[in-house]
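Mind having a look at this structure? Questions to follow.
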Amino acid sequence: MLIIDSKDCENIDKALKKYKKKFEKAKTLLQLRERQSYTKPSIKHRTKVLKAIYKQQIASGAIEA
């Protein structure tokens, strides 16, 4: 649960901006999207390895981003 400490004289826009930042930092939306469907651990590992290979290829210059 996110708690925003707002003062009485504070503008509602500033409080909303603080809430949005805290919401984004908490990664709540990412967790919800991840929980919508189950992904097997082997698939998670495979995608992690493929991302690492892709990053290495970009760093070495084999692929242009």
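The values are calculated or read from the model by the stated rules, or taken from the named source; none is laboratory data. A quick note: this is a predicted structure, and the numbers were derived from the prediction, not measured. For neighbour counting, all protein chains shown are included, and Cβ atoms are generated from backbone atoms with ideal geometry for every residue, glycine included. Note: accessible area is taken over every heavy atom of the protein model, side chains too, but ligands, DNA and RNA are not part of it. Shrake-Rupley method; radii C 1.70, N 1.55, O 1.52, S 1.80 Å.
Output the qualifying pairs, or none if there are none: Cβ atoms under 6 angstrom, residues six or more apart or on different chains, first residue in segment 1-28 and touching a residue at least 24 places away in the same chain (Cβ under 8 Å), second residue open to solvent by 70 Å² or more (accessible area, probe 1.4 Å).
Close Cβ pairs satisfying both conditions: 2/22.
Count, please, the residues in segment 14-40 that happen to be surrounded by fewer than 10 Cβ atoms within 10 Å (Cβ to Cβ) and at pLDDT below 90.
So the answer is 0.
Hey, residue 5 hits all of (1) modelled with pLDDT of 90 or more; (2) open to solvent by 90 Å² or more (accessible area, probe 1.4 Å) but one; which does it fall short on?
(1)
Right, another one. Kindly indicate whether residue 64 is among the acidic types (Asp, Glu) and open to solvent by less than 80 Å² (accessible area, probe 1.4 Å).
Details: among the acidic types (Asp, Glu): yes; open to solvent by less than 80 Å² (accessible area, probe 1.4 Å): no.
No.
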